[in-house]
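The values are calculated or read from the model by the stated rules, or taken from the named source; none is laboratory data. The structure displayed is predicted, hence computed values, not measured ones. Don't worry about glycine lacking a Cβ; one is built from the backbone with ideal geometry, like all the others, and counts go over all protein chains shown. Just the protein is used for accessible areas: all its heavy atoms, side chains included, with ligands, DNA and RNA removed. Shrake-Rupley method; radii C 1.70, N 1.55, O 1.52, S 1.80 Å.
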Amino acid sequence: MVLYLLLLFGIAQFAVRRRLAGRSIVSNPYVYALSLSVYVSAWTFYGSIGRAASNGLEFLPIYLGPSLAMLLGWVLIRKMIKISKEHRLTSISDFISFRYGRSYAIGAIVAVVSLVMVTPYVALQLIAISTSLEVLSGPHTILGIEIETKLVVALLLGAFAVIFGARHLDPMEHHEGLIAVVAFESLVKLVSFLLVGLYVTYGIFGGYGPILEGISRAISTNPDYSNLMGINYTSWFSLTLISFFAILLLPRQFYVMVVENSDEAHLKKAMWLFPLYLFLMNIFVPAIAWGGLLLNTPGIKDAFILTIPYTHGQDLLALFVFIGGASAATAMILVESVAVGSMMLNDLEMPYLLGRIGGGMNLPGLLLQMRRLNILLVVALGYLYSRAVAYHSLADIGIVSFLAASQFAPAALGGLFWKRGTREGAMAGLVSGFLLWIYTALIPTVAGEGWLATNLVANGPFGIVALKPTALFGMNLDIWTHSVFWTLFVNCTLYVLVSLMSRPSPAEAALTNSFVDVFKENVEPLPVDRGSIRMGTVDELQTTLARYIGDDRAKRLVNAELDRLGTTRDRIDAKQLLELWGEFEKTLTGSVGPSATRMIVEEKVLVTPVQEAVEATQPTYELRPGRTFIIPEKAYEVFTDQITHGVEGLCITIHDPEELRRRWGFRETPIIKLSHEKGSERYISPTNLPLLFVTIKSFVESSKNSIVLLDNVEHLINENVDLVPEREVLDFVYQIELLSRETRMVLAERQEFVHLKIASEISEIKELILTLGPLSTYLFKVFSDAMLSGLDSATRVDVIRDVNESIESGTIFEKAEPMSVESSAVACDPDMAQPSKKGVLKICSGIVLNRREFFIAIRRLGRIIKKYDPKFDLAASVRDLMNSFGRSPFEISLIPGTTYVIEEEKPNKSLEIFGELVNHGMDGLCLSRYNPEILSERYGIPTGTVIWLTQKSESEHRSVDPTNFPRLSSILSDFLHKANYPVILLEGLGYLITQSNYETVLRFIQSQRDDVALKNAIFLVHIDPLSLDTKELHRLESEMEPLSVKPGV
Amino acid sequence: MALSIKDLFRQDETWVFLFLMGVALLNWPLLSLATGMMSVFGYPSILLYLALVWLLIILFAYIFDRRGSS
């Protein structure tokens, strides 16, 4: 035995050497398939025979389940491998924890349960070795001292696992020595099994036929053997099911199958090699088991494989079988201890320790030592447990641990395909499954004959029969089916139900996507707050990494990664830094596990230099929600600034999305390109305005704090010329304008495209149609159509002729300023306009109108029409249109540069008109006796536009002393200077007069009147006719135009 | 209609189908048919049946490895 273990040392050493020499003997599909066969442990090696001899074919499902699982290899196992490689997950607990938001709790539960289920399992292996050795040679004594075989084996195996299973700091690096040994041992156990099989079948019985004949006869004569050929379909099914899960989820299987997989292509071969191995392993099981029965071989049935050749004097063969059995046991112990050891470190101890270790410790060294300690711990626990129990009480331990592994299935396999599975759901499923597993499977199996067995297992707790562990609520099934049913039923139910009731955090949801969609193209990389690394540098990343994996390796890794990205420490850009960050997280995950990585990344304590708290910093540009902004040059910079500070963004652009992503480091932000290209939802044709609108609308409605970048409207308008009715373009722009009230709308327009005084950086604008490019001309056409529509056809022709003459002589459009010489030359070419299109207004598309010019033109048109049709009412003809484009109907009748007087007792109508004008895009200033709050509430007048006439000094609102006329004047002239389309309401005239005197107030109004005329403002003055005497009233009225307030307008 | 083994195995659905077929073939009630008949050429039919299904599983995976990969 010792010699054999030394041989294994040699093989492992050889494999490692070959690996270092660059010619790996391990990295090939055959070794991979053989390493999967660590599945066949001593429990199956000896136990199959025992089961076949006592329960007939019931040993088979244990192998059929894995064979079936291999059919799903390409769908299921490949995905597990891909994910684990992508994110450097090194154990089943890493795997499940990572899927559910890198949860510590889930990883820890899986790790603890793995340890619990593995301990008796390892114990069984040790017992199997010592028991089989005793069968061969009796108790060992050296120099009179009884040597305990189990102890020697455990010690050697522990040392072996430590040396070859924990060589590197990065567990993702393959352990070639370990795998070489496992594969070799798989070969040994197969060969020894086949040899005994052949010997028993052909050496003793002379063929399979005689054995089967013999056993058939025995079945019919001896009632003890009656069940050998029958099948209990229920337990058959449950055993197939749990062995199916076990092959995927047992810690050691996950380790050899996923972690130590060096090439996906190897899986393809293993898909048939491994079932073939299992098939060969089982082909002689009935022969040996039933042969043993027919030969009346003494001893326990599990040992038939050993005792048959031994009792027939084939000592050498018996020894070889013993070596085979020991191979099965040792391989299992080695891989299991390494797998469980590393999951305990990554998912149980590391996250706990992380917050409690001082800065000065040698972490990389400590990590490696702890990994080794864990491995020894698993072996030691197994050994101690093996001392406490006898073999027969562990005979079914394999099934018990398969059952435990099956509890991982809903969370692990469900989470692999079902995105809605959440952390809470996984937690509920796992915990309930495990508790029930302990109660229904573990306790009844390991209870032995003590107090537990007699009281709890036999009669139920406190004598309550309904709660009997093997027959909950009186369910009468075999123990395994019973346990499979209850554990998985409750586990799955809670997993699904709790998942549906809970919502994952954004971080968890993002992880879920990268998990479930691992095979999809262009999977978004892990979300990392871009801002959080903007402040960090490469060196700081490296320093953090060095704490966990050592200085040299950290440096090498960072340098290699920089090379790969084709950049250097100084010139790295945001995108590359992100990729480096991704690599950094993955390396950490490989070394310390997912939940510890999350803590390192999240807890600013450990990575202070990198994690400059972004949440605390303010965005450089402040954009108030609900507004529209025109940003000619820095639109993308402002947009990026906003989205890195927690605002959700949507980018609609004419540029290449990938280019933008690279340049600005957008990660999650959806980018839609305005392009005629087809085939992707990332493209929207610029002529498909309804789709574009719906896209923006649904985005805005889905987010509470959003920003939309539209680059740009000019492109949209140009693309739609002559393709889409102008009315439709207008509608689109107006709808966008309305939408902007629920988001921040950023338009990247050229300054020339906007006819307003705007700053080169950020300008907030109130309305779009009369501000941007040719839209006002579109609007003019729509308006003129509406105005002309009421005329009879004869008048209409006359009007159009007259208007066209006016247009040519330049008396309709005040200053027909073409957008550019070129376009006007084309658009206003007189040859193409008339006479073919008689009855059409000759409006060339090059004309650009601003708001004031637009209304002037409309009014002039109105006057021409009135000449021919005296009944024409301008305001009435366009009222509906004004409303449908969000203009105030008042605006058409108010001529800029005029001072109006509104006579009414209370200033209700005045305030109403003012409020409406301001809310429809004019810049307002209101001098009022009323508290701004009240005005805002009653008339919707924004408080910012109100100046309160009061002698109280007010800090909350802008106020002015009613006697301070110089101050009033300067406020008004300031306002007139800044505003684009000013409207002023003076409401407290009576109060002003009371506070000073009539003459002063009159002079003030006269002086303002001139300013207003110069700046083309609208000045509304409210007068209560009853408060002034006739002469005073008359003098005021003579300064101003009366504005009759029609009710209902 | 061009049939191609390569394309067949490329689809995940093929594997899921084979898996479900395997589950059906290796469980009640199909299994009970095999247990019912006692012997074929002196061998218990159940053993032959199980071995046959098992070898079929191996065969499918083998064909995939051979044909599907290139």
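Tabulated results
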{"quantity": "Estimated FRET transfer efficiency when R0 is 41 angstrom, pair A:GLU933-A:GLU728 (beta carbons, to 0.05)", "calculated": "0.50"}
{"quantity": "Inverse mean reciprocal Cα-Cα distance (Kirkwood Rh) of region A:627-765, Å", "calculated": "15.2"}
{"quantity": "Under 14 Å, Cβ to Cβ, from A:TRP480 - net charge with Lys/Arg +1 and Asp/Glu -1", "calculated": "-2"}
{"quantity": "Under Karplus coefficients 6.51, -1.76 and 1.60, residue-wise ³J(HN,Hα) of region A:1032-1043 in Hz, glycine/proline x", "calculated": "4, 4, 4, 5, 5, 4, 5, 7, 10, 7, x, 10"}
{"quantity": "Amide H within-cut-off set for A:ARG744, under 5 Å, with H built and near neighbours excluded", "calculated": "A:GLY626, A:SER706, A:ILE707, A:VAL708"}
{"quantity": "A:TYR383 accessible area, 1.4 Å probe, all protein chains in place, Å² to nearest 10", "calculated": "30"}
{"quantity": "Total charge dipole magnitude, region A:894-1042, about the Cα centre, Cβ charges on Lys, Arg, Asp, Glu only, Debye to nearest 20", "calculated": "300"}
{"quantity": "Gain upon complete extension [A:ASN476, A:TRP418; 0.36 nm per residue less C-alpha separation]", "calculated": "17.5 nm"}
{"quantity": "Stretchable slack from A:ASP802 to A:THR687, in nm (0.36 nm times residue separation minus alpha-carbon distance)", "calculated": "37.9 nm"}
{"quantity": "Peptide A:210-217, shielding by other chains (average Cβ, 10 Å cutoff)", "calculated": "2"}
{"quantity": "Shielding score for B:17-24, defined as the mean number of other chain Cβ atoms within 10 Å", "calculated": "4"}
{"quantity": "Ranked packing of A:209-218, A:251-260, most packed first, by mean Cβ within 10 Å", "calculated": "A:251-260, A:209-218"}
{"quantity": "Surface accessible to a 1.4 Å probe, A:CYS651 within the full protein complex, Å²", "calculated": "0"}
{"quantity": "A:ASP1011 accessible area, assembled protein chains, probe 1.4 Å, Å²", "calculated": "50"}
{"quantity": "Modelled FRET efficiency - R0 22 Å, A:ARG564 with A:ALA265, Cβ distances, 0.05 increments", "calculated": "0.40"}
{"quantity": "Value of D in µm² per second that Stokes-Einstein yields for region A:894-1042, Kirkwood Rh from Cα pairs, at 10 °C (1.306 mPa s)", "calculated": "105"}
{"quantity": "For residues of A:65-71, the mean tally of beta carbons on other chains within 10 Å", "calculated": "6"}
{"quantity": "Under 5 Å, built H, 5+ apart or other chain: amide partners of A:ILE947", "calculated": "A:CYS926, A:LEU927, A:SER928"}
{"quantity": "Among A:ILE707, A:VAL694, A:VAL729 the positive-end extreme of the charge dipole of region A:627-765 (Cβ point charges)", "calculated": "A:ILE707"}
{"quantity": "Förster radius 35 Å - calculated FRET efficiency between A:ASP873 and A:HIS676 (Cβ-Cβ, nearest 0.05)", "calculated": "0.20"}
